[in-house]
Amino acid sequence: DEIGDCIAKDALLEVPPVVRCQGREEIAKFLAESMSSVIVVHQVHHSEIEVTSETTAKGLWGEYDQIIDGRSNATSVAYGYYVEEYIKEDGQWRIKYERIDRIYTQITNVYQAGATGNFSVKGNLQK
């Protein structure tokens, strides 16, 4: 529910070419389900935010993430940008639009890459 407080009622999330979610409930559900079996290092930085009116703004953020998927034993590393629009809704700033533009993504199978033993990032994944 806390993530939903950051999202506008009619928000749109896009992660081309595979993800497109419309509305607060659909976006929150997607995030909860997609994060249920992964360990994530997710960093955003170098924000450029422009306030376009008293109730709207837009932003651009550099992004890096590394994801270990416990179901498939795959790991991905990606770099890119968040392109966002914000709206002041019910007196609170919320995300109205978010698109993640990836400029580099590498996906590998953890065990095929020769890794063995425990991975201690936020818990353990054991072979």
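Taken together, the values in this text are just the output of simple stated rules run on the coordinates, not laboratory data. These figures come from a predicted structure and were not determined experimentally. No Cβ is skipped: glycine too gets one built from the backbone with ideal geometry, and neighbour counts run over all protein chains shown.
Working note: Karplus 6.51/-1.76/1.60 with θ = phi - 60° gives segment 63-78 the couplings 9, 9, 8, 10, 10, 10, 9, x, 7, 9, 6, 9, 10, 10, 10, 9 Hz, where Gly and Pro are set to x. Residues whose amide H lies under 5 Å from that of residue 23, counting only those 5 or more places away or on a different chain, are 11, 12, 13; hydrogens are built 1.01 Å from N in the peptide plane. For the chain, the relative contact order is 22 percent, taking Cα pairs closer than 8 Å that sit 6 or more residues apart in sequence and dividing their mean separation by the residue count. Based on Cα atoms of the chain, Rg over Rh with Rh as the Kirkwood radius reads 1.03. The trypsin sites (Lys or Arg not before Pro) of segment 14-98 meeting both criteria, a DSSP state outside H, G, I, E and B (loop) and at most 13 other C-beta atoms within 10 angstrom of the site's C-beta, are 71.
Note on the chain: lysine pairs with Cα distance below 30 Å, sequence gap of 8 or more or different chains, count 12.
Entry note, segment 59-113: relative contact order of 35 percent, from Cα contacts under 8 Å with a spacing of 6+ residues.
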